[in-house]
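I have a structure I would like to understand better, so I am pasting it below and will then ask my questions one at a time.
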Amino acid sequence: MDNKTLRLGMQHLIQVDPDIKEAFIELGMPEARMRSSGFEVFLFTIISQQLSSKVATAIMERVLCLMEGVTPEQFIKI
């Protein structure tokens, strides 16, 4: 996403979402993340999202196995 597209998108979001407007006032314009285009980027995006999902699921399963119930108190015990 280039800076122009980001700026136009932010202008719209600021108008329709008060939370984003507040964050924008406090933090300013986010930096554009420049990526090359094409299938490789598309493929990497899908793979990284899936990997993150699987890793999150594995971690959650391990944490749940260590708890006697899903409560903040049980979480602190581990």
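Let me have the relative contact order for the chain, percent, based on Cα pairs under 8 Å that are six or more residues apart.
23
Something else about it: Quick one: what Rg and Dmax do you get for the chain from the alpha carbons, in Å?
Expressed in Å, the Cα Rg and Dmax of the chain come to 19.5, 51.
What is the extension gain from Ser52 to Leu6, computed as 0.36 nm multiplied by their sequence separation minus the C-alpha to C-alpha distance, in nm to one decimal?
Going from the current span to full extension adds 14.0 nm.
Go ahead and estimate [θ] at 222 nm for the chain from helices alone: -39,500 (n - 2.57) per DSSP H run with n ≥ 4, summed, over the residue count, rounded to 500.
Result for the chain: -24000 deg cm²/dmol, rounded to the nearest 500.
Along the charge dipole of the chain, Cβ charges K/R +1 and D/E -1, which of Ser36, Val70, Gly9 sits furthest on the positive end?
Ser36
What number comes out for the charge environment of Ala23, summing +1 per Lys or Arg and -1 per Asp or Glu over other residues with Cβ under 15 Å away?
Computed value for this residue: -4.
At Met34 and Glu68, where each label point lies 7 Å from the Cα along Cα→Cβ, what is the point-to-point distance in nanometres?
5.7
Can I ask one more? Relative to the Cα centre, what is the charge dipole magnitude of the chain, using +1 at the beta carbon of each Lys and Arg, -1 at the beta carbon of each Asp and Glu, and rounding to the nearest 20 debye?
It works out to roughly 280 debye.
Rounded to the nearest 10 Å², what accessible area does Ser53 show when all protein chains are kept and the probe is 1.4 Å?
We get 70 Å² for Ser53.
Gain in length, Phe42 to Ile78, computed as 0.36 nm per residue apart minus the alpha-carbon separation, to one decimal in nm?
Gain on extension, Phe42 to Ile78, equals 9.1 nm.
The values are calculated or read from the model by the stated rules, or taken from the named source; none is laboratory data. Because the structure is predicted, anything quoted here is derived from the model rather than measured. Reconstructed Cβ throughout: ideal geometry from the backbone, glycine too, with neighbour counts over all protein chains shown. For accessibility, only protein heavy atoms count, side chains too; no ligands or nucleic acids. Shrake-Rupley method; radii C 1.70, N 1.55, O 1.52, S 1.80 Å.
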